[in-house]
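Colleague: Input: one structure, supplied below.
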Amino acid sequence: MKFADEFRDKALAERYIAAIAEIVTRPWNIMEVCGGQTHAIIQYGIDALLPREINLIHGPGCPVCVTPTAYIDKAIEIAGLEDVIFCTYGDMIRVPGSVRDLERVRSGGGDVRVVLSPLEAVRIAADNPAKQVVFFAVGFETTAPANALAVRQAEAAGLTNFSMLVSQVLVPPAIEAILSSPGNHVQGFLAAGNVCTIMGVEEYVPLAERYHVPIVVTGFEPADILQGVYMCVRQLESGHAQVENQYARSVRTEGNEHARALINDVFEIVPREWRGLGEIGRSGLGLRKPYESFDAERRFGRVASEDKDTRGCISGEILKGREKPTDCPHFGKRCTPEAPLGVTMVSSEGACAAYYRYRGAAVL
């Protein structure tokens, strides 16, 4: 199979559903750790098509969603400065901080620009030497190569007015944090195929062995997800706990070695704060010492350590996999995409946004 449409084939999906039903004998809790997979599951009703024994849990798979409120507040603070051009991806514009969001800063006169790439922010810095240009570097391992390349290009161009506010996070430590948390009930994982395209699968092997949990690297189309669930259930039912690669058409065991080398040159592993999960050791990337002049926190002050979200939003519990969007009393009422209380309703990969977009009033 070569094309995405082939993985949306109804007959193929039905065969996987039947295969799952044939082997499942007891309830299993399986978490997908990718917002793109969450949206596909809700869009195509995959959770409703599976046997009732299979409970799909939505995890911390949205990089925008796991960015703590303290980082949003710092971004808002920097963006409000007179000599700053603040560049960010579109998803971040309406993420609520403690008091307001970046959209409010922009409407108040702040120079906040939506970019499609950090390289665009580098170009803006080159074109505006009298301004400080700050890029909000948010994301999992998938965005790290482009962010690293932007830093290298800024250095090569001798730009002293470019910096990054870095909230770059790594998926495997988050999985371990979930597995080691009190009361964990996740028994298997669908790992994000896009992350593994960059990083490969080897980092997941120690987790599968240590916690005796199957981890299946999975793609994003309906047949991908159903095959991933089948592979996970097959392991659970047989008592196995290994890393398997459903997304072999894109993911190699070693990942993308050139991209990994670029990441390792510019970034080092650091502790990182996650919304809902708290601080996780060795779960993020920070700029290495040779590139620390491009660190926005060195120029504009450090991000506060506490997460100050007090809006009554349960996004933290949703990101832990302990609640689903429909468990929130505000879902679709006080909290909608037009007036979001929390980040999981704002982000295009957020679980609440998926439920609202594809099921709307049907889940209220």
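Nothing in this text is a laboratory measurement; each read-out follows from the coordinates by a stated rule. For clarity, every value in this text was computed on a predicted model and none was experimentally measured. As a convention, Cβ positions derive from the backbone with ideal geometry for all residues, glycine included, and neighbour counts pool all protein chains shown.
Colleague: Between 270, 201, 213, find the one with the highest GNM mean-square fluctuation for the chain; connect C-alpha pairs within less than 10 Å.
Modeller: In the Gaussian network model the winner is 270.
Colleague: Which residue, chosen from 184, 19, 219, occupies the Cα position most advanced towards the positive end of the dipole of the chain, where the dipole is computed from +1 (Lys, Arg) and -1 (Asp, Glu) charges on Cβ about the Cα centre?
Modeller: Selected residue: 184.
Colleague: Something else about it: To the nearest 20 debye, what charge dipole does the stretch 188-245 have about its Cα centre, counting +1 at the Cβ of each Lys and Arg and -1 at the Cβ of each Asp and Glu? Walk me through the numbers on the way to the answer.
Modeller: On the way: 2 positive and 7 negative charges, 23 e Å.
My answer is approximately 120 debye.
Colleague: I need the Kirkwood Rh of the stretch 98-147: take the reciprocal of the average 1/r across all distinct C-alpha pairs and report it in angstrom.
Modeller: On the way: mean 1/r = 0.0803 Å⁻¹.
About 12.4 Å for the stretch 98-147.
Colleague: Another question about this same structure. To the nearest 500 deg cm²/dmol, what mean residue ellipticity at 222 nm is calculated for the chain from DSSP H runs of n ≥ 4 alone, each contributing -39,500 (n - 2.57), summed and divided by the residues?
Modeller: Details: 16 runs with 140 residues, N = 364.
The per-residue figure over the chain is -10500 deg cm²/dmol.
Colleague: Let me ask something else. If you wrap a convex hull around the alpha carbons of the stretch 221-364, what volume per residue comes out, as a whole number of Å³? Display every interim value, and only then the final one.
Modeller: Working: hull volume 26.4 nm³, N = 144.
Taking only Cα atoms, the stretch 221-364 has a hull volume of 183 Å³ per residue.
Colleague: Tell me, what is the percent relative contact order of the chain, built from C-alpha pairs under 8 Å that lie six or more residues apart? Show your work: numbers first, answer last.
Modeller: Working: 703 pairs, mean separation 81.6, N = 364.
The value is 22 percent.
Colleague: A further question follows. Please build a GNM for the chain, connecting alpha carbons under 10 Å apart, and tell me which residue among 316, 301, 342 fluctuates the most.
Modeller: 301
Colleague: Please list 3J(HN,Hα) in residue order for the stretch 238-252, calculated via the Karplus relation 6.51 cos²θ - 1.76 cosθ + 1.60 where θ = phi - 60°; whole Hz, with x for glycine and proline.
Modeller: Using θ = phi - 60°, the values come out as 9, x, 8, 8, 9, 8, 10, 10, 6, 9, 5, 5, 10, 9, 9 Hz.
Colleague: Taking all pairs of distinct Cα atoms, average 1/r, flip it, and tell me the Kirkwood hydrodynamic radius of the stretch 51-140 in Å to one decimal place.
Modeller: On the way: mean 1/r = 0.0705 Å⁻¹.
In the stretch 51-140 this quantity evaluates to 14.2 Å.
Colleague: How large is log10 of I(q)/I(0) for the stretch 231-312 at q = 0.11, 0.15, 0.16, 0.27 Å⁻¹ when the intensity is taken from the Debye formula with one equal scatterer per alpha-carbon?
Modeller: Log10 I(q)/I(0), no solvent term: -0.58, -0.87, -0.92, -1.24.
Colleague: Now for a different question. Once the Cα atoms of helix 10-23 and of the chain are each reduced to a long axis, what angle between those two axes, in degrees from 0 to 90 to the nearest 10, is obtained?
Modeller: 60 degrees
Colleague: How big is the dipole moment of the stretch 235-364 about its Cα centre under a simple scheme where the beta carbon of each Lys and Arg is +1, that of each Asp and Glu is -1, and everything else is neutral? Debye, nearest 20, please.
Modeller: Numbers: 20 positive and 19 negative charges, 68 e Å.
Taking the Cα centre of the stretch 235-364 as origin, the dipole is about 320 debye.
Colleague: Please list, by residue number, every one of the trypsin sites (Lys or Arg not before Pro) in the stretch 1-44 that is coil in DSSP and has at most 13 other beta-carbon atoms within 10 Å. Display every interim value, and only then the final one.
Modeller: On the way: sites: 2, 8, 10, 15; in loops: 2.
Passing sites in the stretch 1-44 are 2.
Colleague: Sticking with this one: Across 10 Å bins from 0, what is the distribution of all Cα-Cα pair distances for the stretch 313-364, in whole percents?
Modeller: Pairs per bin, as whole percents: 31, 63, 6.
Colleague: Using the alpha carbons of the stretch 124-213, what is the convex hull volume per residue in cubic angstrom, as a whole number?
Modeller: Numbers: hull volume 10.1 nm³, N = 90.
Considering the Cα atoms of the stretch 124-213, their hull volume per residue is 112 Å³.
Colleague: Also, I was wondering about something else. How many percent of all Cα-Cα pairs in the stretch 1-156 sit more than 26 Å apart? Kindly include the intermediate steps, with their values, before the conclusion.
Modeller: Working: 5623 of 12090 pairs.
Tail of the P(r) past 26 Å holds 47 percent of the pairs.
Colleague: Just to be sure I understand the model, the point goes 7 Å from the Cα along the line to the Cβ. What's the resulting residue 305 to residue 155 distance in nm?
Modeller: My value for the distance between the label points is 3.0 nm.
Colleague: Right, here's the next one. For the stretch 58-72, just list the computed ³J(HN,Hα) in residue order, Karplus coefficients 6.51, -1.76 and 1.60, θ = phi - 60°, integers in Hz, with x standing in for Gly and Pro.
Modeller: My calculation for the stretch 58-72 gives 8, x, x, x, 10, x, 5, 5, 7, 5, x, 4, 4, 6, 5 Hz in order.
Colleague: Put one equal scatterer on each alpha carbon of the stretch 168-266, apply the Debye formula with no solvent term, and list log10 I(q)/I(0) at q = 0.13, 0.14, 0.18, 0.22 1/Å to two decimals.
Modeller: So the normalised log intensities are -0.45, -0.52, -0.83, -1.16.
Colleague: Given charges of +1 on the Cβ of Lys and Arg and -1 on the Cβ of Asp and Glu, with all other atoms neutral, how large is the dipole of the chain about its Cα centre, in debye to the nearest 20?
Modeller: On the way: 37 positive and 45 negative charges, 108 e Å.
About 520 debye.
Colleague: Mind checking which of 194, 264, 128 has the largest fluctuation in a GNM of the chain, springs on alpha carbons under 10 Å?
Modeller: 128
Colleague: Test of understanding: express the Cα radius of gyration of the stretch 56-100 as a ratio to 2.2 N^0.38 Å, with N the residue count. Please report the intermediate quantities before stating the final value.
Modeller: Details: Rg = 12.5 Å, N = 45, 2.2 N^0.38 = 9.3 Å.
So the stretch 56-100 has a normalised radius of gyration of 1.33.
Colleague: Would you mind estimating how fast the chain diffuses translationally, via Stokes-Einstein at 10 °C and 1.306 mPa s with the Kirkwood radius over Cα pairs, in µm²/s?
Modeller: For the chosen part, D equals 75 µm²/s.
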